Amino acid sequence: MSKAIRKVLIGGNWKSNGDLAFIKSFVPSVLNTLKFEDSKCQVVVSPTSLHMHLVKTLISNNVQVSCQNVSQYPSGAYTGEVTSKMLKDLGFNWTLTGHSERRQFFSESSDVVAVKTKEALDEGLNVIVCIGENLTERTENRTFDVCISQLTPILKNISHLKLWKDIVIAYEPVWAIGTGKTASPEQAQEVHFKLREWLASNVSKDVAQETRIIYGGSVTETNAKDLITQADIDGFLVGGASLKPGFTAIVDSHKYKF
Ligand code: PGA
């Protein structure tokens, strides 16, 4: 296999899970024992915004901490919102945007996701932008069109080409999230390849080569190797399995890339 040209990114999305006891045990016993070289891999975990600070304080290695969602507004009278500026101020450098659960349960449109992404990028955050089709859309052969319809508003909102270096695209088919039904390595690779082609035609060839496109949806320690060895899969966004000791094996799978 040829040498990976992009640094692998392994994200852990804890969703609305975790409490004090879990964090005080999981961070030292799992996160702090992860071993990876910064030049080859980044590990970014996303606890709830309430728990982010504690997790960051307990981490003793190069694991980074991300928010799961961020406000589309700057600071001001927006009750309940966490802003990009606040994240930067507290030393956090990452956020997710557009997770399918935000789109599904909180009615976030692709336009809102694009505004959030722009707000975060303009504040200097790295953003993991989540896209993906649901089962009906896949059955109707609309996977790629749906992904592009979700990415297009983001593309339109990005003020400088250089901001693409701060974007990671997470392809997460909705039918694979939390269901135990992973996309096959070939299914995932096909979408990642097309997304890269789309970036080459619509942004630039360099951006297409440099942008990490990671896969999410029932990634486990068992299927990680077959997925990561696909040419256009640059890492994972892991939900359920990121809360278990097996997360170590998922992080270790990045070694198959090099
Ligand atoms: P899952 O979730 O790994 O539990 O399927 C992935 C995600 O929602 O990011």
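The values are calculated or read from the model by the stated rules, or taken from the named source; none is laboratory data. Remember, predicted model here, so these are calculated numbers, not experimental data. Note: ideal-geometry Cβ built from the backbone for every residue, glycine included; neighbour counts use all protein chains shown. Calculation scope for accessible area: heavy atoms of the full protein, side chains included, ligands and nucleic acids excluded. Shrake-Rupley method; radii C 1.70, N 1.55, O 1.52, S 1.80 Å.
Descriptive notes on the structure:
- Selected residue (criterion: nearest to the ligand (Cβ to nearest atom)) from residues of the stretch 156-174 that are open to solvent by 40 Å² or more (accessible area, probe 1.4 Å) and touching a Lys or Arg at 6+ places or on another chain (Cβ under 8 Å): N157
- Selection of the stretch 205-222 for residues being more than 16 Å from the ligand (Cβ to nearest atom) and open to solvent by 30 Å² or more (accessible area, probe 1.4 Å) yields K205, D206, Q209, E210.
- For the stretch 215-249, a tally of residues being aliphatic (A, V, I, L, M) and in contact (Cβ under 8 Å) with a residue 40 or more places away in the chain returns 7.
- Residue in the stretch 57-67 that is open to solvent by less than 70 Å² (accessible area, probe 1.4 Å) and assigned to a helix (DSSP H, G or I) present: yes
- Selection from the stretch 85-138 of residues that are over 17 Å from E172 (Cβ atoms), open to solvent by less than 40 Å² (accessible area, probe 1.4 Å) and outside any helix (DSSP H, G or I): G91, F92, G124, L125, N126
- Some residue of the stretch 82-96 being within 16 Å of the ligand (Cβ to nearest atom), of a type in the set (V, I, T) and over 21 Å from V8 (Cα atoms): no
- Restricting S39, S16 to those that are assigned to a loop (DSSP other than H, G, I, E, B) and farther than 30 Å from Q209 by Cβ reduces the list to S16.
- Where a residue in the stretch 165-176 is at pLDDT below 95 and its partner, wherever it lies, is assigned to a strand (DSSP E or B) and small (G, A, S), with Cβ under 7 Å and at least six apart: none
- Counting the residues of the stretch 223-258 that are open to solvent by 20 Å² or more (accessible area, probe 1.4 Å), hydroxyl-bearing (S, T, Y) and within 21 Å of S29 (Cα to Cα) gives 1.
- Filter result for the condition that a residue is among the small types (G, A, S) and touching a helix residue (DSSP H, G or I) at 6+ places or on another chain (Cβ under 7 Å), over A170, A200, A176: A200
- Of all residues in the stretch 139-160, those being part of a helix (DSSP H, G or I) and small (G, A, S) number 1.
- As a summary of the residue check, S149 satisfies the conditions (1) within 24 Å of K116 (Cβ to Cβ); (2) crowded, with 17+ Cβ neighbours inside 10 Å; (3) among the hydroxyl-bearing types (S, T, Y) except for the one numbered (2).
- G76 satisfies every condition listed in (1) without any contact (Cβ under 8 Å) to a residue 12 or more places away in the chain; (2) on the phi < 0 side of the Ramachandran plot except (2).
- Of the helices (runs of 4 or more DSSP H) lying entirely inside the stretch 161-258, the ones with 1 or more residues being under 17 Å from L151 (Cα atoms) are found at 185-202, 205-210.
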